[in-house]
Amino acid sequence: LSGTLAGEHLALADLGPAIGTRAEDSKPAPKAAGRVLPQREFDIPSLQRMNADVVLNLDRLDLGTSLLESLAPLQGRVRLQRGVLSVQELVARTASGTLRGEITLDARTQQMPLWRGDLRWSGIELERFVKARNTNAAAATTQRAPGYLSGTLGGSANVSGRGRSIGAVMSTLDGNAGLWV
């Protein structure tokens, strides 16, 4: 499979079922008692059935909440080669800042797939990215609601984890991360 996925607007909620979240018209994804991250396992054997090279060029990715600013634009390349899925050349902009990096899923070992992330972000204006919840009160007084956070966010993460679900990967996550405001 090769091609380009381009468009003006993509909602993250539309991709949710692919990463183990609940689809609107389906029963909830299974979660272990007291857990918040999805435990639904990915269909790892399917990653061995084809190869792909798809360029991403989206004008806007809606993160699914009014509390966070969208990513606009979002660009990258999705490659699937012999069971290794990667999002490469990732560049996303939001709140005057930039996110860059690569995310990889190596599913050649199907029992315990290896996930890697190498991400860097800089120049993100927190007051714009994380929006105030009570915008109605601000609108009534014609003033902008104050942000919960202010300053410019930067950082990087180089992490890896193993597992067949988002919850499993997060429970084994290891590596280095730095964050500054």
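Just a few scattered comments:
- Packing, taken as the mean count of other beta carbons within 10 Å per residue, orders the peptides 40-46, 124-130 from highest to lowest as 124-130, 40-46.
- In plain terms, the chain from Leu179 to Val36 could stretch by 49.1 nm, reckoned as 0.36 nm per residue minus the Cα-Cα distance.
- Taking 0.36 nm per residue of separation and subtracting the current Cα-Cα distance, fully stretching the chain between Val54 and Gln110 would add 17.8 nm.
- Counted residue by residue at 0.36 nm each, then reduced by the alpha carbon distance between them, the extension gain from Leu5 to Leu126 reaches 40.7 nm.
We did not get these values from a lab; they are worked out from the coordinates using the rules stated. The structure displayed is predicted, hence computed values, not measured ones. Here the Cβ is made from the backbone with ideal geometry for all residues, glycine too, and neighbour counts use every protein chain on show.
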